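The values are calculated or read from the model by the stated rules, or taken from the named source; none is laboratory data. Since this is a predicted model, take the numbers as computed values, not measurements. Because the Cβ atoms are built from the backbone with ideal geometry, glycine has one as well, and the counts that use them run over all protein chains shown. To get the accessible areas, we keep the full protein, side chains included, count just its heavy atoms, and leave off ligands, DNA and RNA. Shrake-Rupley method; radii C 1.70, N 1.55, O 1.52, S 1.80 Å.
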Amino acid sequence: MHQKPDADAMGSSLGLFHFLSQLGHEPVVISPTNWAEWLKWMPGCGGVIDYEYSTDKAMAVLDQAQWVFCLDFNTLARTRHMANRLRKVSATKILIDHHQQPEVDYFDYGVSDTAKSSTSEMVYDFIVGSGHAGLIDIDIAACLYAGVMTDTGSFRFPGASAAVHRMVAALKDTGLNHTQIHDDLFDNFLENRLRFTGFVLQNRMEIFYEHNAALIAIPWKDLVRYEIKTGDTEGLVNFPLSIQGIKMAALIIDRDEEVKCSFRSKGNFDVNVFARKYFEGGGHVNAAGGRSSDTLEVTVQKFLQALKDNSSQLQ
Ligand code: 5GP
Ligand code: MN
């Protein structure tokens with residue numbers, strides 16, 4: 001899965017893990033980095049290896065592996081420090097992913113489909129396609145539901161197709177308690193996160209009505225002051241899109257080791273292209289990310305210039 005995994009990266013990986021375990025394989029799930037507290041309820045999450053924290057253990061697994069499934073990312077750069085190690089892996093590499101422009105040379109087999117709502121939906125298709133739909137139990141269902149629900153913005157994005165709803169119906173048939181999963185993912189934070197959200201919306205958000213766009217730029221000192229941890233800023237970038245007329249929102253955070261950017265849009269404005277062109281990133285048409293090795297101030301200036309250059313496409 002990709003670094004700083006979200007619920008789709010973790011959910012698709014653990015869903016596949018439970019499925020392969022049932023078939024008698026010995027799968028091991030590796031994350032390139034640590035992950036958010038609010039993912040830890042997922043069945044099997046306790047056994048996931050953090051590559052940065054347990055590098056030797058993860059390397060030993062990679063050395064022995066016959067197959068490496070790469071889920072919810074398609075360029076090795078998304079695995080951060082693990083990328084160099086992955087390049088040397090002799091195992092058969094299989095891609096299952098829904099992002100644009102895969103690094104096709106690296107993978108031996110795979111499915112890359114940007115029309116899919118989530119990698120979790122693709123793992124579901126993979127299980128059903130293999131003829132083992134009957135093996136989908138409540139653990140697999142919980143992992144895959146978390147991924148498809150979050151990647152579709154709780155079933156509001158265009159990717160929430162009829163097939164997605166049929167998949168959810170099948171997951172419900174296993175006894176899945178979807179209300180519990182929403183609680184675990186969205187009502188499971190500490191007070192500081194909500195206070196931080198309030199502070200940021202009040203003090204760090206700028207709206208550029210002339211470009212139908214908004215920016216939230218967060219300095220490192222805010223993260224320290226509010227004791228912000230991995231995952232605590234997820235979802236922040238969506239808030240400005242709730243303002244009438246706003247078609248693009250950016251979140252730029254000084255994470256000390258790098259400046260991280262997130263972009264979201266509504267309609268035709270392609271933030272994948274925007275992130276690739278200006279911020280060494282990528283993603284999907286309406287959700288993408290990137291980074292900058294400049295300071296926060298310089299990155300913000302670059303963003304403002306890029307915004308002006310793209311203003312006509314945002315009208
Ligand atoms: P987020 O803003 O939540 O970090 O990322 C939004 C979407 O863009 C996710 O689907 C994520 O996988 C993708 N993404 C984020 N950062 C990058 C990046 O640096 N490169 C590419 N190719 N995709 C990214
Ligand atoms: Mn995904």
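Numerical summary
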read-out	value
From phi via Karplus (6.51, -1.76, 1.60), per-residue ³J(HN,Hα) for the range 54-62 in Hz, x at Gly/Pro	10, 4, 4, 4, 5, 5, 4, 5, 5
For Met205, residues with placed amide H under 5 Å, excluding near neighbours	none
Integer Hz, Karplus 6.51/-1.76/1.60 couplings in order for the range 159-176, x for Gly and Pro	x, 6, 7, 4, 4, 5, 5, 5, 4, 4, 4, 5, 5, 4, 5, 7, x, 3
Equivalent ellipsoid, the chain (semi-axes from 5 times Cα gyration tensor eigenvalues, Å)	32, 22, 20
0 to 90° range, to nearest 10: angle between helix 191-203 axis and the chain longest Cα axis	30 degrees
Net lengthening on full extension, Gln101/Lys302 (0.36 nm per residue, minus Cα-Cα)	69.9 nm
Residues whose placed amide H lies under 5 Å from that of Glu234, excluding near-sequence neighbours	none
Radius, Kirkwood style, for the range 264-310 when every pair of distinct Cα atoms is counted (Å)	10.7 Å
Per-selection Kirkwood Rh - the range 112-202 (Cα, Å, 1 d.p.)	14.4 Å
Exposure rank, largest accessible area first [Arg225, Arg204; 1.4 Å]	Arg225, Arg204
Mean separation of Cα contacts under 8 Å (6+ apart) over length of the range 192-314, as relative contact order %	20 percent
³J(HN,Hα) computed for each position of the range 244-258 - Karplus, 6.51 cos²θ - 1.76 cosθ + 1.60, integer Hz, glycine/proline x	3, x, 6, 10, 9, 10, 10, 10, 10, 10, 7, 9, 6, 6, 6
Separation between Cα centres of the range 58-115 and the range 121-146, rounded to whole Å	21 Å
Assigned charges on the beta-carbon of Lys, Arg, Asp, Glu; the range 199-284 dipole about Cα centre (debye)	240 debye
Computed E for Ile94/Asp256 - FRET, C-beta separation, R0 51 angstrom, nearest 0.05	0.90
Lys93 long-range amide H proximity, modeled H, under 5 Å	Val68, Asp108, Tyr109
Residue-level accessible surface for Lys116, protein heavy atoms, 1.4 Å, Å²	50 Å²
Lys, Arg +1 and Asp, Glu -1 on Cβ, resulting dipole of the chain about Cα centre, debye, nearest 20	600 debye
For the range 21-52 and the range 274-315, distance of Cα centres in Å	32 Å
Cα-based helix-to-principal-axis angle, 138-151 vs the chain, degrees rounded to 10	20 degrees
